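Notes follow the structure.
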Amino acid sequence: MKSIWKSEVELPKRPALPGNLKVQNVVIGAGMAGILTAWFLQRKGQEVIVVEADRIAGGQTGNTTAKITSQHGLFYDRMIRLVGRKQARLYAEANEHAIHLFEKIIKAENISCQFEKKPAFLYTVSEDGIEKLRKEMEAARSLGIDAVWIDGNRMSMASADEKVRQIKELPFAIKAEVCFPNQAQFHPLEFIAHLAKELVVYEHTKVLSVKKNMVYTDKGQIEADHIIFATHYPITNVPGFYFLRQHQERSYVLALADQEQLSGMYYGIDKGGLSLRSAGDFLLLGGGGHRTGKCKCKQKKNELFGYSFLREQAKLYYPDADIACEWSAQDCMPHDDIPFIGKYSVFRKNWYVATGFKKWGMTSSMIAAQIISNHICQTTEVEKNIFSPQRILFLAGIKNFLIDVWESVAGLVKGLFAPKERRCRHMGCMLDWNPEESTWECSCHGTGYYEDGRLKDNPAQMNLK
Ligand SMILES: Cc1cc2nc3c(=O)[nH]c(=O)nc-3n(C[C@H](O)[C@H](O)[C@H](O)COP(=O)(O)OP(=O)(O)OC[C@H]3O[C@@H](n4cnc5c(N)ncnc54)[C@H](O)[C@@H]3O)c2cc1C
């Protein structure tokens, strides 16, 4: 089913690449990262085109929940322990600055995209979660984020009247919350539609391969000084080796109709925690996620996941609500939780990448757009930042790296014995059936295919045989 964003906004169609071209910059992928990067480059006086295999925002960006926030789950406490306070502060500052930039652009360009400043709340419903939340708040505060502690009955924040209103806001008992003030939410497609107006975008133009400064598409070839891979998952395995550095996770969203507006955005830190935000009269309920291609594990444990999980939660907490629509998306999860933004590889001086947004791709896309456009325009040194893909894997990532190696080896071995039509076109791993989506998914790197074998999500680029 279409997301509410896609149902509400029909973007004007763009032509396919008309033939061979030579340009200064080509951006591959017209999601949030690609469109923002192209927009910044053009603003800085660069010649730029965007090539998109499908439609603008037809990928994960069309299926996001579009919170613009520096609050990325239970994150900062762990990050400080693993990479140090200085690096964690750079991450926090970059994300806070990205929120500010969204606001600045939206005001300056007068973009009507339902942009609203709202607080973001991390919440826990368990006793165990209280201590974790407290540590997260202290960590965030130590990095300059003005995080506020709120106990179970919100006494520390609300006046008497407000307290009644806010207690009613979520229909389940909360033990504690941490609030990040001055965060935001918006309509991602209204925003993208506006920025894309000024850009040259070729839709239905699929990049088949990239060699040095040549981009080969199914509609012609492009010679470019700079090539930016904003394809969500990098489409070229070598060099870069991003398939060894991240996996994908899928999450699901329900839009409940005719609900009261929430005063904030919410994210539960406990197992089965929900993500909530309002969008007009809709309440968006997110969760039920899993590693892409690993539904069988959930089924074996008799655990509800995906839409079934969310429908159950909706029935419990919003029994009278109508489900207006439901959809899902997936994102790349780097081993050390830090996106890869910068040079694609030391062996390709003019290739750039933006990936690994770990389900926080709004601020990450803005950061990517700045870092990459600044570097191309030679105003900053791209490698001197925490997001550099050339960083040495932080200790944080070693456990995840080993899990991924295990998953990949297992998937590849199973793939050797699987029938051809059950083998992923990326590297040959065996595919797993996702009954919630009626799709085939790869647990190694997260490619997805529709039931009839058509490609749904990359990194693979071809339909099933
Ligand atoms: C359920 C869910 C909820 C989320 N909610 C939030 C949120 O509230 N806040 C937040 O910050 N983040 C959120 N995220 C994350 C965020 O949505 C993503 O990180 C972000 O949209 C990724 O943008 P992108 O431009 O990198 O990728 P995409 O939007 O997927 O764009 C990549 C584009 O590249 C194109 N492409 C791929 N291969 C080729 C090729 N060979 N040739 C040409 N084009 C190609 C694709 O068609 C696609 O259009 C969420 C993620 C999920 C899964």
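In the chain, what cysteines have no partner Cβ closer than 4.7 Å?
So, C113, C179, C295, C297, C325, C332, C377.
May I ask for the Rg/Rh ratio of segment 327-450, computed from Cα atoms with Rh as the Kirkwood radius, given to two decimals?
Rg divided by Rh gives 1.04.
Of the DSSP beta bridges with both residues in the chain, give the percent that are antiparallel, rounding to the nearest 5. Walk me through the intermediate numbers first.
On the way: 62 of 83 bridges.
Antiparallel bridges: around 75 percent, rounded to the nearest 5.
Step through the residues of segment 289-305 one at a time and calculate ³J(HN,Hα) from phi using the Karplus curve (6.51 cos²θ - 1.76 cosθ + 1.60, θ = phi - 60°), rounding each to whole Hz and writing x for Gly and Pro.
Karplus values, whole Hz, x for Gly and Pro: x, 6, 4, 4, x, 10, 6, 4, 4, 5, 5, 4, 7, 6, 8, 6, 8.
Under 5 Å between amide hydrogens, which residues at least 5 positions from T447 or on another chain qualify, with H placed 1.01 Å from N in the peptide plane?
C442, A460
How long is the gain from T379 to Q261 if the chain were fully straight, where each residue apart is worth 0.36 nm and the alpha carbon distance is subtracted?
38.2 nm
Alpha carbons only, please: Rg and Dmax for the chain, in angstrom.
21.5, 66
Show me the GluC sites (Glu not before Pro) within segment 248-347 that DSSP assigns to loop and that have at most 12 other Cβ atoms within 10 Å of their Cβ.
E260
Provide, in order from the shortest bin, the percent of all Cα-Cα pairs of segment 1-119 in each 10 Å bin, continuing until the bin that contains the maximum pair distance.
In whole percents, the pair-distance histogram is 10, 31, 35, 19, 5, 0.
What's the FRET efficiency of S209 with E127 using the Cβ-Cβ distance as r and R₀ = 51 Å, to the nearest 0.05?
Values: r = 54 Å, r/R0 = 1.06.
The calculated FRET efficiency here is 0.40.
List the lysines whose Cα sits under 19 Å from the Cα of K104, skipping any in the same chain fewer than 8 residues away.
Of all the lysines, those that pass the test against K104 - Cα under 19 Å, at least 8 places apart if same chain - are K44, K67, K117, K118, K197.
Once the piece of chain linking K296 and Y317 is laid out straight, how much longer is it, given 0.36 nm per residue of separation minus the C-alpha distance between them?
Length difference between fully extended and current span is 4.8 nm.
Working from the pairwise distances between different alpha carbons, so that the mean of 1/r is found and then inverted, what is segment 397-457's Kirkwood radius in Å?
The Cα-based Kirkwood calculation yields 11.7 Å.
Which of N182, I235, S70 sits farthest toward the positive end of the charge dipole of the chain, with +1 on the Cβ of Lys and Arg and -1 on the Cβ of Asp and Glu?
Value computed over the given set: I235.
Within the chain, which is the longest segment containing none of the chymotrypsin sites (Phe, Trp or Tyr not before Pro) that sit in a DSSP loop and have at most 13 other Cβ atoms within 10 Å? Intermediate results must be reported in sequence, preceding the final value.
Numbers: sites that count: F172, F241, F347.
For chymotrypsin sites (Phe, Trp or Tyr not before Pro) (loop position, at most 13 other Cβ atoms within 10 Å), the longest site-free span of the chain is 1-171.
Read phi for every residue in segment 58-75 and hand back ³J(HN,Hα) as whole Hz from Karplus 6.51 cos²θ - 1.76 cosθ + 1.60, θ = phi - 60°, with x for Gly and Pro.
Working through the residues one at a time gives x, x, 5, 4, x, 10, 7, 9, 6, 7, 9, 8, 8, 8, 10, x, 7, 9 Hz.
Roughly how far apart, in whole Å, are the Cα centres of segment 287-337 and segment 23-39?
So the two Cα centres are separated by 31 Å.
Just subtract the alpha-carbon distance of N237 and K420 from 0.36 nm times their residue separation and send over the number in nm, one decimal.
Result for the pair: 63.7 nm of gain on full extension.
Any read-out appearing in this document is the output of simple, stated calculations on the displayed coordinates, not a laboratory observation. Note that the structure is a prediction, hence the values are computed from the model and not measured. Glycine gets a Cβ as well: all are built from the backbone with ideal geometry, and neighbour counts include every protein chain shown.
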